[in-house]
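Written below as structure tokens is the structure these notes are about.
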Amino acid sequence: MQFAQICDQVDTAATRKIDHAGLIGTWVNSNPDTTGIARMVVEELEGKLTLRTLAIGPEGLIDWGTSELSVYGSSPSSDVAAGFACQYDFGFAETLLQGMLLKGLMVLAQIHSFKDQSDRVPFFVREYFALDHGRF
Amino acid sequence: MSQLLDFKQNSHLDPALTDPATRTLNADKLVGRWVNTNPDTKGVAEITIKQERDQFSVNVKGAGPDGLISWPTVQAKVLANLEEEAGQRAVAFAATFAFGFMTAETYLRVNKGVLVIVLFNTFHDDSGRSSYVTREFFYRP
């Protein structure tokens, strides 16, 4: 088994399937004054886990549409989701979203790269999202 | 000017994104050798970030059973970091390490003098290992 660090070395009997139930739902930005993503909806559609993103625009929310998620565990032997990644291609820009669960909080890193002639630099933003659980 | 720009969220119109000073802002806060705060880590042991003009390279050493494992040195993608307060702002980096059997995608940033990395590891072999994500912290020795 090849590895790049000790934690890559695990016993594996069969291909693992990560339980992504903990990712499903509506994730709301903790910052009401965000200029980025307002909320994210994770759902399973036709056997695929997808993310729908709604971002803050000058005249209200902008629907980015859906993107298929890649799911990550917390270790190579993990079978419970601890994060996700997906990509949006808007034509003028690409955005990579990488989410990591920390104590129920989704820490979302966003890497925005522009492909147009606007000379805007690529940028990084990290925001926090809570799962709208509706219990309280 | 902003009305001429395409956008998908308000931050795409942030004036800082077209400010030349944003490209390498406070990069010195990241350049140098960093050591994992956890001496028992089973992941990344140390990181060295070098700057040559406006280019940055990242070298990682993973903890191995018989000593450190040197990963291939890669060029970092420099990212303006808009999340910190203006006085705390420094660039962040994204870097991708391709091992063949695995790809490790990471972003690196500094928060109050600590280098924070988040690694998204994806296996491409038939080992049955799960893709996984880790976060680790580094200090300047």
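The values are calculated or read from the model by the stated rules, or taken from the named source; none is laboratory data. Everything numeric here is computed off the predicted structure, so don't read it as measured data. Positions of Cβ are generated from backbone atoms using ideal geometry, with glycine treated the same way; all protein chains shown enter the neighbour counts.
Flag: B:G43 matches the condition of being within 13 Å of another protein chain (Cβ to nearest Cβ) and either closer than 24 Å to A:V121 by Cα or buried (at least 19 other Cβ atoms within 10 Å of the Cβ) (or both). Here A:T26 qualifies as surrounded by 14 or more Cβ atoms within 10 Å (Cβ to Cβ), more than 23 Å from B:T96 (Cβ to Cβ), more than 10 Å from every other protein chain (Cβ to nearest Cβ) and polar (S, T, N, Q). Give the range B:7-40 a look and list any residue that's buried (at least 17 other Cβ atoms within 10 Å of the Cβ), among the polar types (S, T, N, Q) and touching a Ser or Thr at 6+ places or on another chain (Cβ under 6 Å), or say none. Passing the criteria: only B:S11. Being in contact with a strand residue (DSSP E or B) (Cβ under 7 Å, 6 or more places away or on another chain) and part of a strand (DSSP E or B) is a property that B:A16 lacks. Residues in the range B:46-68 that are loosely packed, with under 11 Cβ neighbours inside 10 Å and over 17 Å from the mean Cα position of the chain (by Cα): B:R53, B:P65, B:D66, B:G67. Quick check, is A:R126 at pLDDT below 95 and more than 7 Å from chain B (Cβ to nearest Cβ)? So A:R126 fails the test.
When the range B:82-103 is filtered for residues that are in contact (Cβ under 8 Å) with a residue 40 or more places away in the chain and over 11 Å from the mean Cα position of the chain (by Cα), the ones remaining, listed by number, are B:L82, B:R89, B:A90.
If you filter the range A:53-70 down to residues that are within 7 Å of chain B (Cβ to nearest Cβ) and of a type outside the set (S, T, Y), you find that the one that is nearest to A:D19 (Cα to Cα) is A:W64.
Look at (1) more than 8 Å from chain B (Cβ to nearest Cβ); (2) part of a strand (DSSP E or B) and you find that A:F136 fails only one, number (2).
Within the range A:115-128, being in a strand (DSSP E or B), touching a Ser or Thr at 6+ places or on another chain (Cβ under 7 Å) and not acidic (D, E) holds for A:V125, A:Y128.
Yes/no matrix, rows are residues, columns are (1) at pLDDT below 90; (2) more than 22 Å from A:R120 (Cβ to Cβ); (3) out of contact with any helix residue (DSSP H, G or I) (no Cβ under 6 Å at 6 or more places or on another chain); (4) surrounded by 16 or more Cβ atoms within 10 Å (Cβ to Cβ):
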site	(1), (2), (3), (4)
B:E85	yes, no, yes, no
B:A94	no, no, yes, yes
B:F97	no, yes, yes, yes
B:F101	no, yes, yes, yes
B:L108	no, no, yes, yes
B:L115	no, yes, yes, yes
